[in-house]
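Bear in mind these aren't lab numbers, they're just calculated from the coordinates by the rules spelled out. Computed from a prediction, not measured in an experiment: that's the story for all the values here. In this analysis, Cβ positions are derived from the backbone assuming ideal geometry, glycine residues included, and neighbour counts consider all displayed protein chains.
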Amino acid sequence: MEARRLAGVSASTIRRMLEITERAKREGKDVINLSVGEPDFHTDGAVVERAYRAMKEGYTHYTPSTGIAELREAIAERYGVEAEEVMVTAGASEALLDVSLAYIEESSKVVVPTPNFLSYFTYVKICGARTVQVPTHRDGFQLDPDRLNEVMDRGVSLVFLNYPNNPTGAVIDKNTLKAVVEIAEDCNALVVSDEIYDQIYYDTKPYSLAGHENVIAVNGFSKRLAMTGWRIGFVIADKDVLEPILKVHQVNGVCAPAFAQKAVADVLMDGTADRITQNMVKEFKERRDFVYKSLKDVFDVVKPEGAFYVFPDVGTDGTEFADNLFNSTGVVVTPGTAFGEGNERYVRISYAASMDVLKKGVERIVRFAEEQE
C-alpha cells in the first residue's frame, strides 16, 4: 500500500505530457513538443571525451559523498566560497530533495513564490508541511519583498527561490534578493536558492546568493552544459548548514558518477565550459527573441530574461487551451496549473528546440489562437 506521505502527490504534469507526445508519435501523428525543459543540444564532444578518458583512468568507483576535490574546488572558485562549503550531488533534483528532507519540519510552512518549478510543491507534501504561495503575476513575475513579509513568521522553515525562473524566465535583482534573505533571516528561516539556470541569461547577469549565511544555493550542469542525463548537481552552503544535507545525501544519492564529476571539473578548469554555455546561450537568445516577437501581439506575455521558457497568459483556461491546441495542431505545451496557484490562464512554452521546429510550432500556436477569437 502506498505510504500516506504520498497522498495528494500526482505524476508530474510535464512527464505526463511527454508520455502523451511519445504515444502520439508512435501513432504517426505530426507532433511538435514545446513542453520539455531540457536543452535540445547534445552534450559537447569535449565533455564526452573527458568523461571517456576519466573512465579509462579508473573514475568508475565511489567518490567521497561530498564529491571529488577537483570539482568542489572548481565550483568554489567560481562562486567565491570555500571548497568545504560545496557538496556535489547526483543532479540538482537530488540536491533539492536532500535539502527538503534535511530542513522542512513536519507541519511547518514553506513559502513558494508562484509561478514556480513544480517539484517544490511535491517536496513540501512528502515532508508533511504546508505550502504558502506568494503570487508574482502583477509584478512581472518579480517577488515583492513586502508581499513576502506578509506571509512570513516563525512557522516558516524554508523559502524557495528560482531565478532565472522556470516557467517564466524572470530574473530578480540583487537588492530584492538581499531583502528576501533578510526577511527570512528575521524569521529564522532558510532560503533555498535554486540557480540551475544562472548561466542562461540574455541581458543582466543574475545575482547569485551562494555564500550568504542563511542561504542554501542549489545548482548543477544539466542546463548550462546540456548534461541532463549525466546527473551532476551541487549545493553551496555554510559548513554547519551543509552537514544535515550531507546526512541525507549519503543514503539518498551516495555520490554523483565519478567519471562525470571528473569531466565537468576538467572543462570548468580549462575554460571549455564557458565556451559551451556561451554558444548555447547565443542560440537561445535568438530563439527567445523570435518567440517573444511572434507571441507578444497575440497574448499578454512578459519577455523572458533567462532560462528557455516563455509563460503567456492565453486569455482562457490554460489546460483546455493546451488540450485543444494539441488535438488541433499537434503542438504540445504545458498548462500553467502545474506551476502553482493563479496560473490557470497560462501555459509554458519551451524554446529549447531548433529554430525550424520553433517556427512551425509558433506559427501553429498563433494561428490556433487567432481562430479562437
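Given the peptides 196-208, 90-102, arrange them by the average over their residues of other C-beta atoms within 10 Å, most packed first.
Put in order of decreasing packing, that is 90-102, 196-208.
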Which values of log₁₀ I(q)/I(0), to two decimal places, follow from the Debye formula for the range 327-373 at q = 0.27 Å⁻¹ with a uniform point scatterer at every Cα? -1.06
Gap separating the Cα centres of the range 9-30 and the range 301-347, nearest whole Å: 16 Å
Interchain or long-range residues, amide H under 5 Å from Val347's placed H: Val314, Gly336
Computed lengthening from Glu22 to Arg367, 0.36 nm per intervening residue step minus Cα-Cα distance: 121.8 nm
Applying the Karplus parametrisation 6.51 cos²θ - 1.76 cosθ + 1.60 with θ = phi - 60° to the phi angles of the range 153-161, what ³J(HN,Hα) value in whole Hz is obtained for each residue in order, glycine and proline being reported as x? 7, 6, x, 8, 8, 9, 10, 8, 10
Each residue of the range 2-13 in turn: what ³J(HN,Hα) in whole Hz from Karplus with 6.51, -1.76, 1.60 and θ = phi - 60°, glycine and Pro shown as x? 5, 5, 4, 5, 8, 4, x, 8, 10, 4, 4, 4
Along the range 228-242, Karplus-curve 3J(HN,Hα) (6.51, -1.76, 1.60; θ = phi - 60°) to the nearest Hz, with x for Gly and Pro, reads 4, x, 8, 6, 10, x, 7, 10, 10, 7, 3, 4, 5, 6, 5
Packing-based ranking, highest mean first, of 307-318, 6-17 given that Cβ atoms within 10 Å are counted: 307-318, 6-17
Could you tell me which residue out of Thr204, Tyr79, Val254 lies farthest along the dipole of the range 45-270 toward its positive end? Charges go on the beta carbon: Lys and Arg +1, Asp and Glu -1, centred on the Cα centre. Val254
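Quick one: compute a quarter of the convex hull surface over the Cα atoms of the range 174-274 and quote it in nm².
Values: hull surface 30.2 nm².
Averaged projected hull area, Cα only: 7.5 nm².
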Checked the range 24-179 against the a/c 1.5 cut and the a/b vs b/c comparison, axes a ≥ b ≥ c from its Cα gyration tensor; verdict oblate
For the range 44-84, what value does the Rg/Rh ratio take when both radii are computed over Cα atoms and Rh is the Kirkwood radius, given to two decimals? 1.05
Only Lys, Arg, Asp and Glu count, each charged at its Cβ (+1, +1, -1, -1), so figure out the dipole size of the chain about its Cα centre, rounded to 20 debye. 980 debye
Cα gyration tensor of the range 312-352, axes a ≥ b ≥ c as square roots of the eigenvalues: rounded (a/c below 1.5), prolate (a/b > b/c) or oblate? oblate
When the chain is fully extended, how far beyond the present Cα-Cα distance does Glu286 get from Asp153, taking 0.36 nm per residue of separation? 43.6 nm
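Please give the charge dipole size of the range 218-373, origin at the Cα centre, charges +1 on K and R Cβ atoms and -1 on D and E Cβ atoms. Round to the nearest 20 debye.
660 debye
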Would you please state which residues of the range 158-188 a label at Arg130 would reach in this model, taking the label point 7 Å out along Cα→Cβ and a backbone N cut-off of under 15 Å? 158
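Past 20 Å, Cα to Cα: identify those pairs from Lys125/Lys178; Lys282/Lys359; Lys109/Lys303; Lys174/Lys282; Lys178/Lys296; Lys174/Lys247, in the order given. Intermediate values should be presented prior to the final figure.
Details: Lys125/Lys178 28 Å; Lys282/Lys359 17 Å; Lys109/Lys303 31 Å; Lys174/Lys282 24 Å; Lys178/Lys296 32 Å; Lys174/Lys247 32 Å.
Table pairs above 20 Å Cα-Cα are Lys125/Lys178; Lys109/Lys303; Lys174/Lys282; Lys178/Lys296; Lys174/Lys247.
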Calculated from DSSP H runs of 4 or more alone, at -39500 (n - 2.57) each and per residue, what is the 222 nm mean residue ellipticity of the chain, nearest 500? -13500 deg cm²/dmol
